[in-house]
Each structure stands twice: as C-alpha cells, then as structure tokens.
C-alpha cells in the first residue's frame, strides 16, 4: 500500500493553487460597497498623538516592571528610646500582675491550711461518725 | 466603478483611501473580494457566513484604514482583519460542515476541470475538518495566497517561527489523515502523485468520473 510522503503533500497543496478558483457570488461586490458607503472611516490621528499613546503605554509598563522587579526599600531604624520602652512596659505589666497575684496566693495558702485541718479532724473522728 | 490605473499598488490605493478616496477603496474591494471570500468559505463552508464575513472584513478595513501603515504590505493587514472577523464568528458558531467548495465556470474539458476541482476541494475540506483555525489559516495563506512566512506572521500576528511550527504541524496532521483514509483513490497527475480523497468528503455522483488508482 502506497503512503503519502511530505513531498507528495507539498505537491498536492501547491497543485491546488493552480486548480480552478471558486468565484464569489455576483452580487457580493454590490453588498460590500453598500455596507462600506454606510460606514465612516475613523478619523486619522496625528502621528504625535499616536506616538504619545505608545509612549504613555510604554511608560506605564516600565513603571509596573519597576514596581514588580525592584525590592522594596527598607524602613529606617526606629529611635533607640522606642526599643527600650517596650521591655520597660513589659516589666511594668509583670510587676502589676505580681502585685495582684500576691494577696491571692496568701488567701489560697490559708484556704489550703483550713482544708487540711478539716480533713485531719474528719479522719480523727471517722470511727465515731 | 473601477480605477483606470491597474498598475497602482495596493498600498498606494490604501493611501488614497486614507486621503478620502472611496473609488480607491472600491478598487481594493475588486482586487480582494474573491480572495477573502474563498478564504472564509474554505474555513466556514457556508456561503452566507462567507458573504457576511467578507463584507464585515471590508467594512472593518474601511473604518480602520487610518491605522494602516502604507510602508507595509496591504494583503497581510487585510487578511489579519478577516481572520479576526472569523475568530469572532467561530466563537459563536464552531466549524461543522463538509459542504463542497463553490464551483467556477471554466472553458476547458469538463472532466479535467472536475478532476482538478475534486482534488482542490477535497484537500481543503480535509484541512477544514482536521486542522485548527490557526493551522488552517497559515496553510491557506501559504499555499492558496502564496504569502511568504513573514507576511503570514504579520497577518496572524505571530512570529515567523510560530508560523513555521503551525505549518509543520498542519502538514503532519494532513499527512496522517491522508494516509489513514484509503477508500478512494484518484489518479491525478500531480507529479505522479495519486490523491485519495477522503471517503466522507467524496460526493457519490462523481465516483465514476476519475479513474481509480492502482499501485
């Protein structure tokens, strides 16, 4: 069985160019020209405006590329006083918490003692209850 | 009305159109209407669509003639507009037809004309059925319009390399299809090459008109 080669196809396609060409419908030209006459050509923009458009578009693309590609500029260092202020505030907060928790701890210790006493009493008198 | 100076180039006519001459544009319509119609019809397969799209392309070209650069060739610019009109059309209506290409009156021996028309019609119907829009357009502009790759690239707004790749893939696909379909054989004298037209594309009534190929 014969197979077509690339050269065969090339010849077929080239030959098709020499084959009888299809003709368009006879009234096509009239239809086209009627439609064209109703259309208005767009006004020709001056070269300067055309170039300005391209220049603006190029500038916008360049600006976008700069924003995307370049690394963000680093923020300047904060003043030293500010960096010291933070631990100081932390220390103050902790001190306040300690002051608040100290009486609570005393109360807890006292309650624990009471509980232990009550337990001893109960254990001592258990047989008689 | 046709211009009396047929020696005027397309680009010069386009320049005159830019200056406001409708007669110059009509001459361009005379020169290109059949070419655009064939290009569109070969892809769509519908006479009505081909008429509408050809008309749309010319109107778009007339409206946008101010954007044409007369330093460049007119044909790729016009085919580019036509191709975009076709792309818009295909978004709404996909390709799905095997309607044969339109016929043309020819004074030669009817059997010879019929045989040539068969080959021409069948190869492009096969292309229409097999290839993508881009592949088909590249192949048509190369073989039917005889445009150089540079102009095809301009018409399709692609690089020359991309067009070469499209052409290569289109040929490979067509070759695979041709070799896959062996039902009909038409001895056609294309440098000794026999063309088997695809079964589905061959009208029943013309089977007896061309001798079968015997390897």
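Things worth noting here:
- Region B:20-51, residues that are more than 9 Å from chain A (Cβ to nearest Cβ) and more than 12 Å from the chain's Cα centre (by Cα): B:21, B:23, B:24, B:27, B:28, B:31, B:46, B:48, B:49
- Options B:79, B:58; residue that is part of a helix (DSSP H, G or I), within 13 Å of the chain's Cα centre (by Cα) and modelled with pLDDT of 95 or more: B:79
- Of the residues making up region B:39-51, those that are in a helix (DSSP H, G or I) and in contact with a helix residue (DSSP H, G or I) (Cβ under 8 Å, 6 or more places away or on another chain) are B:39, B:40, B:41, B:42, B:43, B:44, B:47, B:49, B:50, B:51.
- For region B:136-157, filtering for residues that are in contact (Cβ under 8 Å) with a residue 24 or more places away in the chain and part of a loop (DSSP other than H, G, I, E, B) leaves 4.
- Top-ranked residue of region A:42-98 - restricted to ones that are assigned to a helix (DSSP H, G or I) and within 14 Å of another protein chain (Cβ to nearest Cβ), ranked as modelled with the lowest pLDDT: A:47
- Only a single item in (1) part of a helix (DSSP H, G or I); (2) within 23 Å of the chain's Cα centre (by Cα) is not met by residue B:16, and it is number (2).
- Restricting B:171, B:176 to those that are assigned to a helix (DSSP H, G or I), facing chain A (nearest Cβ under 10 Å), at pLDDT 50 or above and surrounded by 14 or more Cβ atoms within 10 Å (Cβ to Cβ) reduces the list to B:171.
The values are calculated or read from the model by the stated rules, or taken from the named source; none is laboratory data. This one's a predicted model, so the numbers in the text were calculated from it and none came from an experiment. No Cβ is skipped: glycine too gets one built from the backbone with ideal geometry, and neighbour counts run over all protein chains shown.
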